[in-house]
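Following: one structure in structure tokens, then a few remarks.
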Amino acid sequence: MIQKSRAMKARDNKLRKVAAAVIERQGKVLVARRRPGLVAGGLWEFPGGKVEEGEDVEKCLARELEEELGVRARVGDFLCSVPFVGSSASFELVVHRAELHSDAFRLTDHDEVRWLEPAEMDESLFSKPDRPVVRMLAGRRVPGTRREGRGA
């Protein structure tokens, strides 16, 4: 049997971070539907992506919004953090508020974007990691979700 070193065990126990943006405008929140054929294809999500090694969450969000939606954004305050453990992936979803510099979307990983009021979001149509954020935005508090920072 192969034994793992302490460093390998520590790395395995550290959850990978995935960043997501809550972009609000006039009481509505921007959501994006994953393109069919991709992981979670056909489900809605808050835009964002994987934080790369050595990258902070804010820079990741700015990069991902430009890569996936074709828009520049200012990343704002931390909103919440949601640990997710699934059958194929485990990570910490770190959510920040963000503000778009334009609405000229160029979609790559999504086939549609919509502005929805939190109350009209059907969490069953969202990817599982995003569902606690939907509940939080709609005013249904989620146990185990960490909230920090201003405006939380």
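Readers should treat all values here as calculations from the given coordinates under stated rules, not as data from a laboratory. The shown structure was predicted, so the numbers you read here are calculated from the model rather than taken from an experiment. Quick reminder, even Gly has a Cβ in these numbers, built from the backbone with ideal geometry, and neighbours come from all protein chains shown.
Rounded to the nearest 20 debye, the dipole size of region 23-140 about its Cα centre is 280 debye, using +1 on the Cβ of Lys and Arg and -1 on the Cβ of Asp and Glu. Computed from the C-beta positions of ARG106 and LEU15, the FRET efficiency with R₀ = 30 Å rounds to 0.45. Once the gyration tensor of the Cα atoms in region 15-137 is diagonalised, the equivalent ellipsoid follows with semi-axes of 18, 17, 15 Å, ordered largest first.
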